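First the structure, in the form of structure tokens, and then the observations on it.
We did not get these values from a lab; they are worked out from the coordinates using the rules stated. Being a predicted model, the structure only gives us computed values, none of them experimental. Note: ideal-geometry Cβ built from the backbone for every residue, glycine included; neighbour counts use all protein chains shown.
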There are 2 protein chains.
Amino acid sequence: MQQERRRQQDRTDGTRAALLEAGRMLFVEKGFAGTSTPELVAATGLTRGALYHHYADKRALFAAVVEREAQAAAEAIETMPSVNAPLDALRVGSRVYLEAMSVPGRTRLLLLDGPAVLGLSEMDEIHARHGNRTLRQGLEAAMESGAIRRLPLAVTTEMLGALFDRAALSVAQGASLEDALAVVSAVLDGLRA
Amino acid sequence: MQQERRRQQDRTDGTRAALLEAGRMLFVEKGFAGTSTPELVAATGLTRGALYHHYADKRALFAAVVEREAQAAAEAIETMPSVNAPLDALRVGSRVYLEAMSVPGRTRLLLLDGPAVLGLSEMDEIHARHGNRTLRQGLEAAMESGAIRRLPLAVTTEMLGALFDRAALSVAQGASLEDALAVVSAVLDGLRA
DNA sequence: TTAGTAACATACAGGCTGTATGTATGCAAC
DNA sequence: GTTGCATACATACAGCCTGTATGTTACTAA
């Protein structure tokens, strides 16, 4: 009974995983608009029927792919070694973040197509559901402890996050990771109280 | 002769202007993917034939709209009063930039759909063709004069530009302009040598 | 075993894009 | 001025794609 119920579940899980995997590959390679549902299912051996059975539409599959990517990135970041000094924690965190974002395709999914297809607010919700906390908490702790200046937390988080994101994009496009980190480090340094 | 040749030119210019205007309106309102060429030409009284006569495809019209927007933004920024002290120039420039980016729809065109549809490199080319120089030159001057730390110029420009862009987006989404400027100011301050 | 439901596959309707083709209008030279 | 060409458009068409409706098979619970 357990086993029979599992069989259906496994079947579903396997199909969804296949669709997510093919989706990630194609969305990364050709973008959301450039990927058609026929070629998507062709990559899995299924038909469009299966796709539309499991996901409301192409956008919903894309959202699932993006959410999975955001989760993976968040996990990579949360395994960060904890650092005592808040400012050092921010420095280490930014390096970890840039490394996490260097997974091929991740910048395209999370920073280019994601915001355009799903919208900024839905992207914010996705990030909120996973690890976006890290930067905000890091900044908050650093402000509380007096390590860096006190600034409006929400906008500061958004703006520094955008700085890191662009760093990740530049690195993905060939810029030097060390150069990017030098700028990050200088900016964080400059925020000391 | 001049006059007769002008008539054709005027006709072309008028048609293109109408397409650009309708394009801007619809692309801002419904995004690139959400805007169809039939509704685009319906907004001008023309037909799709005219559109495809003047532009290679929908993407080319979108690129023209984006380029025009980038140019308008650049012009608004270049009319900035010149300031002597490099660091003050950066401060004033950032306020002018945020104001320029507060034109409705501009953030969507230049920061959301533009990069996703045209790609980062084409967007960079567009910006290079217009006013992106401002920030780069401001940073360069500030570094030369010793006002701020010496950092890799290219990435620094990209990353600070992204910081400003996100500030513009946050403001466009309801955040306080003063909060955003406080962060900008703090970051610039912190970069002093 | 049987009824019901979930997991697919197939078939279809509508819309959209880009191109090919047709038409009219300006323009330049004779 | 009319003849011929090029430019500016309009119309028609082919192909693809999306989402839905309908059919079929595989489970599962009673």
Projected area of the range B:54-108, taken from the Cα convex hull and averaged over every viewing direction, in nm²? 4.6 nm²
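Would you mind calculating the relative contact order of the range A:63-190 from Cα pairs under 8 angstrom and at least 6 residues apart, reporting the percent as a whole number?
Here the relative contact order equals 34 percent.
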Please identify the helices of chain A, taking whole runs of DSSP H, that span at least 18 Å along their own axis as judged from the Cα atoms and have a mean Kyte-Doolittle score of -0.5 or higher. A:58-78, A:86-100, A:153-172, A:177-190
Name the long-range amide H neighbours of residue B:148: under 5 Å, sequence gap of 5 or more, or other chain; modelled H, no Pro or chain starts. B:143, B:193
Let me check I've understood the local charge: for residue A:132, count other residues with C-beta under 12 angstrom from its C-beta, Lys and Arg +1, Asp and Glu -1. What total comes out? -2
Rounded, prolate or oblate: pick one for the protein assembly as shown, where a ≥ b ≥ c are the square roots of the eigenvalues of its C-alpha gyration tensor, a/c under 1.5 means rounded, and failing that, prolate if a/b is larger than b/c, else oblate. oblate
Mind checking which lysines have their Cα closer than 21 Å to the Cα of residue A:58? Skip sequence neighbours fewer than 8 apart in that chain. A:30, B:30
Along Cα→Cβ at 7 Å, what distances in nm separate the residue A:21 label point from those on the other copies, shortest first? 5.4
Out of A:188, B:84, B:112, whose Cα points farthest toward the positive end of the dipole of the protein assembly as shown (charges: +1 Lys, Arg; -1 Asp, Glu; placed on Cβ)? B:112
Average other protein chain Cβ within 10 Å of Cβ, residues B:165-175: 4
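Per-residue mean of other chain beta-carbon atoms within 10 angstrom of the beta-carbon, peptide A:113-125? Kindly include the intermediate steps, with their values, before the conclusion.
Details: counts 3, 1, 6, 11, 5, 0, 3, 8, 1, 0, 0, 1, 0.
Shielding by partners across A:113-125 averages 3.
Given a cut-off of 21 Å, what percent of all Cα-Cα pairs of chain A lie beyond it?
That tail contains 57 percent of the Cα-Cα pairs.
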Label distances, nm, residue B:52 versus same residue in remaining copies, Cβ-directed 7 Å point: 2.7
For label points placed 7 Å from Cα toward Cβ, what is the shortest-first list of nm distances from residue A:150 to its copies? 3.8
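Taking a ≥ b ≥ c as the square roots of the eigenvalues of the Cα gyration tensor of the range B:99-193, is the shape rounded (a/c under 1.5), prolate (a/b larger than b/c) or oblate?
In terms of gyration-tensor shape, oblate.
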Nearest beta-carbon to the B/A symmetry axis - residue in chain B, distance in Å: B:190, 1
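What is the average number of partner chain Cβ atoms found within 10 Å of a Cβ in B:178-187?
Across the residues of B:178-187, the mean count of other-chain Cβ atoms within 10 Å is 5.
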Per-residue ellipticity at 222 nm for chain B, helices alone: DSSP H runs ≥ 4 residues times -39500 (n - 2.57), over residue total, nearest 500 deg cm²/dmol? -23000 deg cm²/dmol
Estimate the FRET efficiency between residue A:192 and residue A:25 by the formula 1/(1 + (r/R0)^6), using the beta-carbon distance for r and 51 Å for R0, to the nearest 0.05. 0.70
